[in-house]
Amino acid sequence: MDESIFPNVEVTRRTVIETGTTALLLSSLPHGVLASEPDQADRTPASIELLVNGHAHTLALDPRTTLLDALREHLTLTGTKKGCDHGQCGACTVLVDGRRVNSCLTLAVMHDGQSITTVEGLAFDQDLHPMQAAFVEHDGYQCGYCTSGQICSAVGMLAESREGMPSYVTADLIQPLTELSDNEIRERMSGNICRCAAYPNIVAAIKQAMGEQT
Amino acid sequence: MKAFSYGRARSLADAAATANKPGFKIIAGGTNLLDLMKLQVETPSALVDINRLPLDKIEETSEGGLRIGALVRNSDLAADPRVRQHYGVLSRALLAGASAQLRNKATTAGNLLQRTRCYYFYDITKPCNKRVPGSGCSALAGFNRIHAILGGSEACIATHPSDMAVAMRALDAKVETTDHEGRTRAIPIADFQRLPGRTPEVESALASGEIVTAVTLPPPPPGVQVYRKVRDRASYAFALVSVAAIVDSVRGRIRSARLAFGGVAPKPWRIAAAEQRLTNEAVGARSFDAAADAALEGARGAGANDFKIPLTRRTLHAVLGEITRI
Ligand SMILES: Cc1cc2nc3c(=O)[nH]c(=O)nc-3n(C[C@H](O)[C@H](O)[C@H](O)COP(=O)(O)OP(=O)(O)OC[C@H]3O[C@@H](n4cnc5c(N)ncnc54)[C@H](O)[C@@H]3O)c2cc1C
Ligand code: SF4
Ligand code: FES
Ligand code: FES
């Protein structure tokens, strides 16, 4: 493995990449692929390692497997939901190395060696994560289908805000962000659709959790 | 999704050499490519993952501009202090696009190269010249509310959906590339995206296997920068019409203006004559109207998108009014 290509990986990740992915590197793709004959392309499952909610898992996956399907179908972590499967609803939101993403629009193999947090990984032992507790307290759902995505998204959103990331409704792009107004929360959470329209209670829950975390 | 092989590029040379093979595609954030692969609109035989290449830096250039790596995520670009301070129109355009989750994955190059959201392009059971050259255009006589009023052709009236590209057009960005032989070039953004003409399947100036490595911005132009996006919902929706404007005015007189429009054409729409009609003119409805006339010259609706013509005019008025009142 050429160190210069991965200048910033931590030791644990580098180990994972070294041991887990040599089979995936382009130079070691089977001859059929390099000959670019689609029919000859080798489609043996790719072996990858994912660190999910703190536990390392080695998986042999068809490269087509999305991160969402890897979590649900291969690791039976069904807390993360599939709504649209096209990046349009946010039900599949998880945190990858701490950042929120739509797990339906990314391949599991692309995340080899990375750390994934799903809704199942937020609680600390028996104690709900403050965001989960706030959703319960404020009734931030009706049917609950969007809820795990909303909660993971809200956790990622607060981390982004703490880093000072602006949003489309941030009035001044240059001044540091002070407080998140309801309008800011709504805009920052617009990637999570709730068909039951529990939006007012979701905003209330996030405001409470935000207060507790500061 | 059709089966494909997956490989992770270890170097840019590796990526360029491999991406040049027929059927191979680069994958960056994957938010557009995988969407289209699920519907079999795109059916690559192999994906070349470039995500671990060191193309994720934003650096200052010796000319006083910025060089944005192809893999810089849309969220990171929007939040960069230098972009917020000097290229506010770009920061706003990025923040107006997609959702926070998508922006965390979407990359600079992927955003530029994202494909149209035309309903028929997405539906493989329908004729579409862009997807299957020569099959016909379903939008011309079909549902065309989101389609182009400028720059389209008899073959295709699809719009380019990017917000980011509209701001970059107003900023005179350049797209830097490399190919499998290691040759590099810098393509002005005006020439990067293509009008459909008779070949709507050709969308950019990129040659086969050519990889975008960065986008460079010249030093920030003088003036106030605004990005205004008009859409069906207040957030998480594509533009019906958008305007990126950079206008330098003093005491009711405009010294210079740059205007680029999104949502109305197959590429970000920028017309020099529209900007000239504002230069050295007094602020007011007359000069704003003259600029709108020039920008919309030749505009033609296909029925359901007719409303975009007056909407573009009114959006431009609103933006120019907002800037020159500051
Ligand atoms: C629900 C939804 C809403 C959205 N709303 C908006 C919106 O309002 N405004 C907006 O602007 N966008 C919007 N988007 C689109 C989004 O911005 C794009 O999907 C994203 O920017 C694509 O970037 P990516 O890195 O994920 O590209 P990918 O999907 O990885 O790639 C896209 C294309 O670019 C090619 N490519 C990528 N990198 C390179 C490179 N370095 N060199 C050569 N070729 C390359 C790929 O081969 C592919 O053909 C939305 C998307 C979704 C799903
Ligand atoms: S407008 Fe273009 S993309 Fe849409 S159906 Fe017609 S040819 Fe296809
Ligand atoms: S399931 Fe991923 S965004 Fe809807
Ligand atoms: S609670 Fe039902 S979709 Fe949100």
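Quick rundown of the values:
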quantity: Segment A:97-125: number of residues that are closer than 15 Å to A:Thr65 by Cβ and away from chain B (no Cβ under 14 Å); calculated: 0
quantity: Which numbered condition B:Ser62 fails, given (1) crowded, with 24+ Cβ neighbours inside 10 Å; (2) more than 11 Å from chain A (Cβ to nearest Cβ); (3) of a type in the set (Ser, Thr, Tyr); calculated: (1)
quantity: Filtered residues of segment B:35-48 (kept if facing chain A (nearest Cβ under 7 Å) and within 19 Å of the chain's Cα centre (by Cα)); calculated: B:Asp35
quantity: Positions within segment B:208-229 being away from chain A (no Cβ under 13 Å) and among the aliphatic types (A, V, I, L, M), in sequence order; calculated: B:Ile211, B:Val212, B:Ala214, B:Val215, B:Leu217
quantity: Identity of the residue in segment B:81-112, open to solvent by less than 20 Å² (accessible area, probe 1.4 Å) and more than 19 Å from B:Phe238 (Cα to Cα), that ends up nearest to the other protein chains (Cβ to nearest Cβ); calculated: B:Gly88
quantity: Hits in segment B:49-59 - residues which are within 23 Å of the chain's Cα centre (by Cα), surrounded by 21 or more Cβ atoms within 10 Å (Cβ to Cβ) and not acidic (Asp, Glu); calculated: B:Ile50, B:Leu55
quantity: Any chance A:Val169 is of a type in the set (A, V, I, L, M) and part of a helix (DSSP H, G or I); calculated: no
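The values are calculated or read from the model by the stated rules, or taken from the named source; none is laboratory data. Note that the coordinates shown come from a computational prediction; the quantities given were computed from them, not determined experimentally. Note that each Cβ is placed from the backbone with ideal geometry, even for glycine, and that neighbours are counted across all protein chains shown. When the accessible area is computed, the model is the full protein with side chains, heavy atoms only, and any ligands, DNA or RNA have been set aside. Shrake-Rupley method; radii C 1.70, N 1.55, O 1.52, S 1.80 Å.
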